[in-house]
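Okay, structure first, notes after.
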Amino acid sequence: MRAPDVIIIGAMKCGQTSLKLGLRTHNDIFLTQGEPKFFHSERYHKQGLDEYLSLFEGRDEAVVGEGSGFYAWDSWCEETAERMGRDVPDAKLLYIIRNPIERVVSHWAWGIGSGRPWGSINEAVWEVDRLIEMSLYWRQISRYREHFDDDQIKVLFLEDLKAGPRSFFSECGRFLGVDPEGFDFEKAATPKNQTADKRTDTRLVQRLRRWSSFWTLKEMIPDSIVQIGEQVLRRDGKIEPDWDPDVRRQVEERLAPDAARMLDYCDRSRDLWTFETRSLQDVERAAVA
């Protein structure tokens, strides 16, 4: 059976949807619809490798693959990278990242907009582990480097996708071994899945969702009333974080060493990402293994 040639491992809220849709504009690339969520979930044991590989059966494209945002969250499943390295050792990995603080905010805003009872940004960063941990890019990619060679791993930056979609996808094409000019660059350049396009909760709704009886009560209310309530109590556009300065400082202190290490590994300037409370240039340089 055919194994995937490429796997997108994340990171969530870093443009993974745009990356997938852009790659799909190339005639020589096939990506599965949705997220198989195989290597990091119970499907690994319940379905087995053969059923997973059947996703790519019969495809004649030069490159076939898939992507799941949770692949790059080690606390969810510590065995993900090991499983992948054992079962699909020849796969190439794409890992798209962005300013880690902006990723935290985008993930939090997405959660609030999707109805998660996460509360304010200042509460969520301590109570929802994934908000911080998915932004620890060096920690996450280091697990994969134990099982894959560096030349099998391509770290991409959302900042580059926004600045120049053509060069971004051409670089992807060269890495994957397909014609770098074979993408529909106009279609690939269209932003996808932006939090700002969604309706988000007001603070009142955020508090209601945290009430233990909220979901039970919601099931009892007719859909027509629920829809009216959502129009009144939810608002258009992206919800903005109201950072407590001390909380932001603590979050940036936790993320800064990892961010600096990641930029060094990618041979990118530490000026690429700006933090409010400290400069990544001031983070002590650590040799990249």
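The values are calculated or read from the model by the stated rules, or taken from the named source; none is laboratory data. Owing to the predicted nature of the structure, the values given are computational and were not obtained by experimental measurement. When we count neighbours, we look across all protein chains shown, and the Cβ atoms used for this are built from the backbone with ideal geometry, even at glycine. Each accessible area value is taken on the protein alone, full model and side chains, heavy atoms only, with ligands, DNA and RNA left out. Shrake-Rupley method; radii C 1.70, N 1.55, O 1.52, S 1.80 Å.
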What is the one condition in (1) in contact with a Pro (Cβ under 9 Å, 6 or more places away or on another chain); (2) more than 22 Å from Trp76 (Cα to Cα) that Gly15 does not satisfy?
-> (2)
Go through the stretch 151-161 and give me each residue that's part of a helix (DSSP H, G or I) and of a type in the set (A, V, I, L, M).
-> Leu158, Leu161
Hey, among the residues in the stretch 152-164 that are in contact with a Ser or Thr (Cβ under 9 Å, 6 or more places away or on another chain) and touching a residue at least 40 places away in the same chain (Cβ under 8 Å), which one's farthest from Ile96 (Cα to Cα)?
-> Leu161
May I ask you to verify whether Ile141 is of a type in the set (A, V, I, L, M), closer than 18 Å to Arg261 by Cα and open to solvent by less than 10 Å² (accessible area, probe 1.4 Å)?
-> yes
Is there any pair linking a residue in the stretch 110-122 that is among the hydrophobic types (A, V, I, L, M, F, W, C) to one that is modelled with pLDDT under 90, with Cβ under 7 Å and at least six apart or on different chains, and which?
-> Trp110/Thr195; Ile112/Thr200; Ile112/Asp201; Ile112/Gln206; Ile112/Ile239; Trp118/Ile112
Selected residue [in a loop (DSSP other than H, G, I, E, B) and buried (at least 20 other Cβ atoms within 10 Å of the Cβ)] from Phe168, Phe148 | Phe148
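If you take the residues of the stretch 64-100 that are among the hydroxyl-bearing types (Ser, Thr, Tyr) and touching a helix residue (DSSP H, G or I) at 6+ places or on another chain (Cβ under 7 Å), which of them is surrounded by the most Cβ atoms within 10 Å (Cβ to Cβ)? Outline the logic, then answer.
Taking the stretch 64-100 first, the residues among the hydroxyl-bearing types (Ser, Thr, Tyr) are 68, 71, 75, 80, 95.
Now narrow it down to the ones that are touching a helix residue (DSSP H, G or I) at 6+ places or on another chain (Cβ under 7 Å): 71, 75, 80, 95.
Values: Tyr71: 28, Ser75: 12, Thr80: 25, Tyr95: 24.
Checking each candidate, the answer is Tyr71.
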Using beta carbons and a limit of 8 Å, which pairs, at least six apart or on different chains, have the first residue in the stretch 19-38 and within 14 Å of Asp179 (Cβ to Cβ) and the second one hydrophobic (A, V, I, L, M, F, W, C) and open to solvent by 50 Å² or more (accessible area, probe 1.4 Å)?
-> Asp28/Ala62; Ile29/Ala62
Hey, Glu61 out of contact with any helix residue (DSSP H, G or I) (no Cβ under 8 Å at 6 or more places or on another chain) and at pLDDT 95 or above or not | yes
Conditions: (1) among the basic types (Lys, Arg); (2) under 30 Å from Arg254 (Cα atoms); (3) without any contact (Cβ under 8 Å) to a residue 40 or more places away in the chain. Lys46 meets all but one. Number of the miss?
-> (2)
So Gly119, is it open to solvent by less than 20 Å² (accessible area, probe 1.4 Å) and at negative phi | no
